[in-house]
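Read the structure below first, then the notes.
The values are calculated or read from the model by the stated rules, or taken from the named source; none is laboratory data. Just so you know, these numbers come straight off a predicted model, no measurement behind them. Because the Cβ atoms are built from the backbone with ideal geometry, glycine has one as well, and the counts that use them run over all protein chains shown. Note: areas computed on protein heavy atoms with side chains; ligands, DNA, RNA excluded. Shrake-Rupley method; radii C 1.70, N 1.55, O 1.52, S 1.80 Å.
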Amino acid sequence: GSSVGIPRPLEARAVQCGGGVLRGRRASGGVVRGIARVAHTLAEAAQLQPGEILVTPITDIGWTPYFSLIGGLVTDLGSAVSHGAVIAREYGLPCVVNTRDGTRFFQSGDRIRLDGDKGTVEKL
């Protein structure tokens, strides 16, 4: 198949968040409340404080040192076998992946409740 015409970006999708609760995929069980730290880059992750809940697009091996510091993990992308999910289980951290909009919906400093059993993240 061939394409004809000028490529257009996909429509911006509204954040899907009913009643202040963002839904994703359960990746590691447990419930934690804490302060969100939204980090798109490792440089931003360097601002993490102990016990904060890391909210990020996705993680790879470079993020692993922060797992001993954080209270939980929320990612925009990912599955049960993605890096963040596997490492979160190893560290016993509640984790929700594939929220799609976590880094857009939450801001650093928000108080949130991460439920790794239900796959939800709630702004408190």
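Residue-wise HN-Hα couplings along region 90-104, as the Karplus relation 6.51 cos²θ - 1.76 cosθ + 1.60 with θ = phi - 60° gives them from phi, are 4, 8, x, 9, x, 8, 10, 10, 6, 6, 6, 10, x, 6, 8 Hz; Gly and Pro carry x.
Can you tell me the FRET efficiency between Arg89 and Val21 if r is taken as the Cβ-Cβ distance and R0 is 22 Å, rounded to the nearest 0.05? Result of the calculation: an efficiency of 0.45. Result for the chain in a Gaussian network model with C-alpha springs under 10 Å: among Ala46, Ala85, Ala27, the largest mean-square fluctuation is at Ala46.
Local charge for Thr99 was computed over the other residues whose Cβ lies under 11 Å away, with Lys and Arg +1 and Asp and Glu -1, and equals +2. Can you send over the solvent-accessible area of Asp60, 1.4 Å probe, protein chains only, in Å² to the nearest 10? Counting only protein heavy atoms, the figure is 80 Å². Scalar couplings 3J(HN,Hα) for region 75-82, obtained by applying the Karplus form with A = 6.51, B = -1.76, C = 1.60 to θ = phi - 60°, are 10, 6, 10, x, 9, 5, 10, 6 Hz; x denotes Gly and Pro.
Comparing Pro94, Pro57, Pro65 in a Gaussian network model of the chain (Cα springs below 10 Å), the most mobile by mean-square fluctuation is Pro65.
Per residue, the convex hull spanned by the alpha carbons of the chain comes to 131 Å³. Summed over the residues of the chain and divided among them, the accessible surface reaches 55 Å² per residue at a probe radius of 1.4 Å. Gain on full extension, evaluated as 0.36 nm per residue between Thr64 and Ala46 minus their Cα-Cα distance, stands at 5.3 nm. Share of carbon and sulfur in the accessible area of the chain stands at 52%, probe radius 1.4 Å.
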